[in-house]
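To start, the structure under review is shown below, and the notes come after it.
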Amino acid sequence: MNCEVCGRETHSTQEVLLEGARLQVCSRCASLGQPVRKVKSPDSASPPSVKTSSTQRRSRPPLSPHRYTPSRHPKRELVPVEGFSRLIRAARVERGMSQQDVAQRINERSSVIGKLESGKMSVCTIKLARKLERLFKLTLLEVAEPLDLSTGSDSSKTTLGDVAEIRRKKQKP
């Protein structure tokens, strides 16, 4: 049997919950998720329970089929451009504005602007990015390119570990 994360061949696997998916993983990858605990009541027809922390949110039930209509065109995923933090800071300094000035102009807190510029807040909402784009006349968001999951070998054997490695390589400058 193979680990569903790293692809290693193993004699025994453990079932874990990782990013919302139940996976059979090796002992090395088991620490990446939360162990699934089997319920031992013979008359119980419900699926096994999952250990969750008190801070973990419960997922919402899916929308009814009457309210959801899939788009004919896949949604474009927007991601921040490379150097997002540096661009914001450079544009602000070039215009002689303080972080408080920027925050006031776009109706945000100055601490948010400071965190964006320092890189401590690497993810911001599209709405906030659009406000900054309008203020500084910059392009801060771009359409994400689909990941090339081919690893040179048979692409049907791509594991989650391969995807993580590809993403890690794309993020490095």
Net dipole in debye of segment 78-143 [+1 Lys, Arg Cβ; -1 Asp, Glu Cβ; about Cα centre; nearest 20]
180 debye
Just tell me which aspartates and glutamates come within less than 17 Å, Cα to Cα, of K169; anything on the same chain fewer than 8 places away is out.
E82, E145, D148
So the label point goes 7 Å from the Cα of M1 along Cα→C-beta, right? Which residues of segment 15-30 then have their backbone N under 18 Å from it?
15-18, 21-30
Amide H neighbours of L141 under 5 Å, at least 5 residues apart or on other chains, H built in the peptide plane: list them.
V81
As I understand it, the dipole of segment 78-143 uses +1 on the Cβ of Lys and Arg and -1 on the Cβ of Asp and Glu, about the Cα centre. Which of S111, G83, L138 lies farthest toward its positive end?
S111
Cβ-derived FRET efficiency at R0 35 Å, E165 paired with E94, nearest 0.05:
0.40
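Taken together, the values in this text are just the output of simple stated rules run on the coordinates, not laboratory data. Keep in mind the model is a prediction, meaning the values are calculated, not measured. Virtual Cβ from ideal backbone geometry, glycine too; neighbours counted across all protein chains shown.
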